[in-house]
Amino acid sequence: MSLKSKRGFLLLGLAGLFAAGFLLSMVSGQVRTSPAAFVDFLLGNDQSLRTIFWEIRLPRAILAFLIGACLSLAGAILQGYFQNPMADPFVVGVSSGASLGAVLCLVLGLQASLAGFSTQSLFAFLSGYGIVLLVYALSLKKGFFKVETLLLTGVAAGALASSLTSFFLFLRTDSYEQAVFWLLGSFQLASWKQAGAVAPYLFICLAISQWLAKDMNLLSLGDETAQSLGCPVPRVRKIFLATATLLAAVSVSVSGVIGFVGLVVPHWIRILIGPDHRFLFAFSTLTGGVFLVFCDLIARTILSSAELPIGIITAAVGAPFFIYLLHRKKG
Amino acid sequence: MRLGINALIALCLGLIPMIGGAGQKPLTVTDDLGHSFPISSPPRKIVSLSPNVTEILFSLGLGGAILGVTRFCDYPSEALSKEKIGGVVDPSLEKIQALHPDLVIAFQGNPLRVLDRLKDLGVSVFTLREGRRVEEVFQTIEKIGRVTWTSEKAADLVAALGAGLSRTQGALRKAGPNPRVFLSLHGSGLWTCGHESFLNDLLDQAGAVNIAGGVARNWILMGRESFIQQDPEAIVILAKSGADFIQGREWFQNEPVFKKVAALRSGRIYHLDENAASRFGPRLIAMTEHLARLLHPEAFERQP
């Protein structure tokens with residue numbers, strides 16, 4: 001099968017899964033609602049469940065899609081950036097930085113909301129972004145940096161932030177249960193406001209990535225070759241790092257740390273349609289979104305009495321499928 | 001004095017009549033977050049987001065008006081048959097919404113982010129906070145009484161509970177010196193409560209000296225060294241069941257370095273019901289008396 005028809009099939013499959021995921025998200029949840037009730041709501045006959053369908057389930061599915069898309073795009077960018085298959089959206093310390101901000105907010109008791117964003121989200125965003133700037137500055141030597149130094153500094157800074165997070169949690173044990181929910185991620189509180197806040201970032205970042213996708217392809221040949229082929233390497237690298245960090249920080253600040261999506265989805269796509277970033281970025285974005293819609297569906301329906309943190313589901317569903325694809329590729 | 005201030009606050013905040021109200025007198029009540037609630041009629045469909053709130057609602061005779069409770073609400077046993085809306089930190093927005101409550105009562109421990117989202121969805125959420133003293137539960141009961149139009153019942157309940165507390169105090173006047181006590185929170189490990197927890201006050205009211213009472217925190221993990229150095233004369237274990245208590249007691253008894261601690265030599269290790277003692281609700285008063293009787297049996301001997 002040619003690459004082009006593979007891409008066509010994948011797109012068709014994704015469209016089908018997208019529709020199925022959204023439909024299922026609308027008709028299932030902790031409150032039992034029949035598909036007939038949903039149809040009645042759509043036809044405008046019965047509005048008694050309007051809040052549940054329109055204000056809770058739909059924005060939640062949309063937010064899950066957007067965050068999945070953000071994380072997968074960030075992962076695809078960073079795996080290309082570092083030429084490292086283990087890179088994920090959180091590799092340079094964004095997640096640990098953002099969690100530190102959120103937990104600090106909990107511990108200091110700063111729980112208010114500013115212009116639609118909770119102070120926790122703002123703290124998470126700022127500290128997530130701040131830590132990457134710090135890592136970047138620390139990795140610079142005479143205006144240049146080695147990718148390897150950046151990666152290792154990121155890991156070290158992330159570990160430091162995680163230890164501070166645990167320290168604050170230890171000091172204030174009564175915030176612990178709330179913090180766990182934050183650290184493992186959840187869409188429990190999804191609203192139109194959150195979805196509306198995330199969407200523009202995703203679209204802008206996706207546009208930038210598509211625009212620079214050819215340059216990312218050149219980077220895989222090595223920085224020097226890329227430079228000699230006319231790619232402005234330092235500038236492209238800066239833009240990609242800023243874009244990926246923005247995506248990851250926005251995601252964490254809205255829904256907590258959701259692992260594995262950003263690591264595994266770009267790999268699926270690479271196995272299915274090859275490493276060309278012009279398609280890898282767009283397909284990772286779509287697939288990540290659809291994947292997280294299904295994960296959230298499972299997280300909120302698998303137990304009747306409680307909701308699971310979504311981070312548990314992403315790894316449990318993503319890992320076996322990933323191993324299967326790897327295996328099939330080898331065979 | 002305290003009663004006077006309460007009455008004043010009730011007058012200022014609780015009973016501001018709305019101008020132009022037709023017939024019935026609408027109420028405005030303010031919760032612990034400072035939000036005021038215009039309540040035009042007694043709430044008939046209440047959701048409780050915390051076990052202690054559920055207990056208070058039932059003791060105000062509002063069992064019939066409760067539609068939903070958390071999965072931790074197990075007292076009184078009627079609460080078990082109510083619709084479960086999730087947990088304390090993860091209540092389900094859908095389930096609450098589907099019940100169409102006219103009042104949701106939340107408590108410290110419910111994440112504010114969740115409560116904000118509920119308010120966005122148009123639900124009225126009345127939020128209360130935990131006190132640092134046992135007596136503050138009276139204010140919590142009175143506030144819930146006001147917002148549910150059961151102020152008289154609340155006043156009766158508070159009077160009865162207050163009398164119970166004074167009875168315990170009266171009996172303890174004849175008691176011997178207060179023993180140094182370690183309160184074990186989980187039945188294993190040295191988790192205990194510091195000065196900022198109402199459990200510290202409960203120990204105080206029951207005629208005990210909390211060996212961790214000097215620490216200005218809510219919960220503390222005490223080190224084995226300071227436990228031995230403080231040498232508690234009695235250990236009180238909060239446990240959900242007798243079996244849990246025995247397990248907790250064995251943990252202390254099997255620790256060789258604790259052998260010389262006074263409580264272990266004398267065997268003064270007592271069980272206090274975890275749910276009753278750790279929820280900021282009406283059962284705190286009975287728990288205070290129960291603990292006082294365990295620690296100072298001599299003071300209660302000649303009670304009729």
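Condition check ((1) among the aromatic types (F, W, Y); (2) more than 25 Å from the chain's Cα centre (by Cα)) across all residues:
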site	(1), (2)
B:K240	no, no
B:D244	no, no
B:E250	no, yes
B:K259	no, yes
B:Y270	yes, no
B:D273	no, no
B:A277	no, no
B:F280	yes, no
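Please return the ranges of helices (runs of 4 or more DSSP H) entirely within the range A:242-331 where 1 or more residues are within 14 Å of chain B (Cβ to nearest Cβ) and buried (at least 24 other Cβ atoms within 10 Å of the Cβ). Because the criterion is at least 1 residues that are within 14 Å of chain B (Cβ to nearest Cβ) and buried (at least 24 other Cβ atoms within 10 Å of the Cβ), the helices (runs of 4 or more DSSP H) in the range A:242-331 that meet it are A:277-301, A:310-330.
With more than 14 Å from chain B (Cβ to nearest Cβ), surrounded by fewer than 17 Cβ atoms within 10 Å (Cβ to Cβ) and at pLDDT below 85 as the only criterion, which of A:G143, A:G116 stands out?
The match here is A:G143.
From the list A:G196, A:G185, the one residue that fits, being within 14 Å of another protein chain (Cβ to nearest Cβ) and closer than 16 Å to A:E307 by Cβ, is A:G185.
For (1) surrounded by 23 or more Cβ atoms within 10 Å (Cβ to Cβ); (2) among the aliphatic types (A, V, I, L, M); (3) assigned by TED's automatic domain parsing to the domain that holds B:Q205; (4) closer than 15 Å to B:E55 by Cα, each residue gets a yes or a no:
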{"position": "B:H100", "(1), (2), (3), (4)": "no, no, no, no"}
{"position": "B:V104", "(1), (2), (3), (4)": "yes, yes, no, yes"}
{"position": "B:P111", "(1), (2), (3), (4)": "yes, no, no, no"}
{"position": "B:D116", "(1), (2), (3), (4)": "no, no, no, no"}
{"position": "B:K119", "(1), (2), (3), (4)": "no, no, no, no"}
{"position": "B:G122", "(1), (2), (3), (4)": "no, no, no, no"}
{"position": "B:E135", "(1), (2), (3), (4)": "no, no, no, no"}
{"position": "B:V147", "(1), (2), (3), (4)": "yes, yes, no, no"}
{"position": "B:E152", "(1), (2), (3), (4)": "no, no, no, no"}
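Considering the range B:195-229, and only residues there that are crowded, with 17+ Cβ neighbours inside 10 Å and of a type in the set (S, T, N, Q), the residue that is farthest from B:G176 (Cα to Cα) turns out to be B:N218.
When B:E83, B:E94, B:E78 are checked against the criterion of being over 23 Å from B:L199 (Cα atoms) and buried (at least 18 other Cβ atoms within 10 Å of the Cβ), B:E94 stands alone in meeting it.
Considering the range B:128-205, the qualifying helices (runs of 4 or more DSSP H), each wholly inside and each with 1 or more residues that are in contact (Cβ under 8 Å) with a residue 60 or more places away in the chain, within 18 Å of the chain's Cα centre (by Cα) and over 30 Å from B:G34 (Cα atoms), run over B:151-172, B:198-205. In the range A:24-51, the residues that are within 13 Å of chain B (Cβ to nearest Cβ) form Cβ pairs under 9 Å with partners that are surrounded by fewer than 17 Cβ atoms within 10 Å (Cβ to Cβ) and hydroxyl-bearing (S, T, Y), at six or more places apart or across chains, as follows: A:V27/A:S34; A:S28/A:T301; A:G29/A:T301; A:Q30/A:T301; A:Q30/A:S304; A:Q30/A:S305; A:A37/A:S48. Tallying residues that are surrounded by fewer than 24 Cβ atoms within 10 Å (Cβ to Cβ) and either within 30 Å of A:L43 (Cβ to Cβ) or within 14 Å of another protein chain (Cβ to nearest Cβ) (or both) within the range A:62-103 yields 1. Using the structure shown, decide if A:R235 is surrounded by fewer than 17 Cβ atoms within 10 Å (Cβ to Cβ), without any contact (Cβ under 8 Å) to a residue 24 or more places away in the chain and of a type in the set (D, E, K, R). Yes. Annotation for the range A:177-190: no member residue is touching a helix residue (DSSP H, G or I) at 6+ places or on another chain (Cβ under 8 Å) and of a type in the set (D, E, K, R).
Of everything in the range B:98-119, what is in a helix (DSSP H, G or I), facing chain A (nearest Cβ under 9 Å) and either in contact with a helix residue (DSSP H, G or I) (Cβ under 8 Å, 6 or more places away or on another chain) or of a type in the set (A, V, I, L, M) (or both)? Give them in sequence order.
If the condition is that a residue be in a helix (DSSP H, G or I), facing chain A (nearest Cβ under 9 Å) and either in contact with a helix residue (DSSP H, G or I) (Cβ under 8 Å, 6 or more places away or on another chain) or of a type in the set (A, V, I, L, M) (or both), then B:A98, B:L112, B:R113, B:V114, B:R117 are the ones that fit.
When the range B:216-228 is filtered for residues that are more than 14 Å from chain A (Cβ to nearest Cβ) and either farther than 18 Å from B:S266 by Cβ or β-branched (V, I, T) (or both), the ones remaining, listed by number, are B:R224, B:E225, B:S226, B:I228.
Just need a number here: residues in the range B:143-170 that are under 27 Å from B:R293 (Cα atoms) and among the basic types (K, R). Total satisfying the criteria: 1. Candidates B:K95, B:K174: the one that is of a type in the set (K, R) and within 14 Å of chain A (Cβ to nearest Cβ) is B:K95.
Only one of the listed residues (B:A216, B:A160) is of a type outside the set (K, R) and not assigned by TED's automatic domain parsing to the domain that holds B:E250. That residue is B:A160.
The values are calculated or read from the model by the stated rules, or taken from the named source; none is laboratory data. Everything quoted here is computed from the prediction, not taken from an experiment. Every residue, glycine among them, receives a Cβ derived from its backbone with ideal geometry; neighbour counts consider all protein chains shown.
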